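*Asks:* Next up is a structure, given as structure tokens.
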Amino acid sequence: GIAMPFPVDIKYVTQTEQKLGVKFPASFVTRMVNSNGGAVATPPDTWSLYPFLDTSERKRLKRTCNDIVRETQAARTRPDVPAEAIAIGANGGGGRLGLLAEEDGHPCDDVFWWDLETGNVIKVADDFSELSEAS
């Protein structure tokens with residue numbers, strides 16, 4: 001099964017924001033600081049959340065190596081994924097859960113679903129807090 005996610009120090013969130021030039025929505029940051037990973041649902045899909053890279057110890061580094069920065073860089077290599085896309089999760093079927101970076105340090109509140117097979121982008125929530133936890 002999926003390893004239980006650890007809490008993560010806010011500094012790793014800040015490092016990720018700096019690397020990607022983005023401000024994450026408060027609801028997403030709060031959720032991830034408490035539980036760095038895990039899953040959320042936008043029925044019928046369940047999304048495994050990409051963690052923030054946590055370099056505090058080897059075990060955490062190993063568990064967070066598929067981090068948001070790495071997965072975002074991978075997603076952006078796809079022709080139909082916009083350059084401002086931030087990948088925050090996957091549904092195991094070619095879909096990505098994501099945010100769109102805002103220009104001027106505003107948090108990117110809207111949550112989107114990208115279908116990497118078709119290139120469709122569908123807004124699934126106005127804010128991450130609308131998504132329910134999936135077990």
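The values are calculated or read from the model by the stated rules, or taken from the named source; none is laboratory data. Just so it is clear, the structure is predicted and the values come from calculations on it, not from any experiment. Because the Cβ atoms are built from the backbone with ideal geometry, glycine has one as well, and the counts that use them run over all protein chains shown. What goes into the accessible areas is simple: the full protein's heavy atoms, side chains included, and nothing from ligands, DNA or RNA. Shrake-Rupley method; radii C 1.70, N 1.55, O 1.52, S 1.80 Å.
*Asks:* Return the pairs, sorted by first residue and then second, in which the second residue is assigned to a loop (DSSP other than H, G, I, E, B), the first residue lies in the stretch 50-69 and is without any contact (Cβ under 8 Å) to a residue 12 or more places away in the chain, the beta carbons are less than 8 Å apart, and the residues are 6+ apart or on different chains.
*Replies:* Final answer for the pair search is LEU61/LEU53; LEU61/ASP54; LEU61/THR55.
*Asks:* If only one of LEU116, LEU100 is open to solvent by less than 20 Å² (accessible area, probe 1.4 Å) and either within 15 Å of LEU20 (Cβ to Cβ) or not charged (D, E, K, R) (or both), which one is it? Steps first, please.
*Replies:* Numbers: LEU100 fails: open to solvent by less than 20 Å² (accessible area, probe 1.4 Å).
Matching residue, one of LEU116, LEU100: LEU116.
*Asks:* Would you check if THR42 is more than 12 Å from the chain's Cα centre (by Cα), surrounded by fewer than 17 Cβ atoms within 10 Å (Cβ to Cβ) and among the hydroxyl-bearing types (Ser, Thr, Tyr)?
*Replies:* Values: more than 12 Å from the chain's Cα centre (by Cα): yes; surrounded by fewer than 17 Cβ atoms within 10 Å (Cβ to Cβ): no; among the hydroxyl-bearing types (Ser, Thr, Tyr): yes.
Spelling it out, it is not the case that THR42 is more than 12 Å from the chain's Cα centre (by Cα), surrounded by fewer than 17 Cβ atoms within 10 Å (Cβ to Cβ) and among the hydroxyl-bearing types (Ser, Thr, Tyr).
*Asks:* Residue under question is ARG76, and the condition is that it be modelled with pLDDT under 95 and within 16 Å of LEU99 (Cβ to Cβ); does it hold?
*Replies:* Numbers: modelled with pLDDT under 95: yes; within 16 Å of LEU99 (Cβ to Cβ): yes.
Judged against the criteria, ARG76 is a match.
*Asks:* Can you pull out the residues in the stretch 103-113 that are crowded, with 17+ Cβ neighbours inside 10 Å and either outside any loop (DSSP other than H, G, I, E, B) or charged (D, E, K, R) (or both)?
*Replies:* Taking the stretch 103-113 as the starting set, the residues that turn out to be crowded, with 17+ Cβ neighbours inside 10 Å are 107-109, 111-113.
Passing the criteria: PRO107, ASP109, VAL111, PHE112, TRP113.
*Asks:* Restricting to the stretch 119-130, and then to whatever is touching a helix residue (DSSP H, G or I) at 6+ places or on another chain (Cβ under 6 Å) and either open to solvent by 60 Å² or more (accessible area, probe 1.4 Å) or part of a helix (DSSP H, G or I) (or both), can you tell me which residue is nearest to GLY21 (Cα to Cα)? Outline the logic, then answer.
*Replies:* Here is the first cut: in the stretch 119-130, the residues touching a helix residue (DSSP H, G or I) at 6+ places or on another chain (Cβ under 6 Å) are 127-129.
Cutting the leftovers down to either open to solvent by 60 Å² or more (accessible area, probe 1.4 Å) or part of a helix (DSSP H, G or I) (or both) gives us 128-129.
Values: PHE128: 19, SER129: 22 Å.
Only one residue tops the list, namely PHE128.
*Asks:* Let me ask another. Looking only at residues that are modelled with pLDDT of 95 or more and open to solvent by less than 20 Å² (accessible area, probe 1.4 Å) in the stretch 1-23, which one is nearest to ASP127 (Cα to Cα)?
*Replies:* The qualifying residue nearest to ASP127 (Cα to Cα) is VAL13.
*Asks:* Still on this structure: Which residue is most open to solvent (accessible area, probe 1.4 Å), if the candidates are limited to the stretch 58-97 and must be assigned to a helix (DSSP H, G or I) and within 25 Å of SER135 (Cβ to Cβ)?
*Replies:* Step one: list which residues in the stretch 58-97 are assigned to a helix (DSSP H, G or I), which gives 58-63, 68-76.
Next, from what is left, pick out any that are within 25 Å of SER135 (Cβ to Cβ): 59-60, 62-63, 68, 71.
Numbers: LYS59: 113, ARG60: 52, LYS62: 165, ARG63: 105, ILE68: 1, GLU71: 39 Å².
If we take residues in the stretch 58-97 being assigned to a helix (DSSP H, G or I) and within 25 Å of SER135 (Cβ to Cβ), then LYS62 is most open to solvent (accessible area, probe 1.4 Å).
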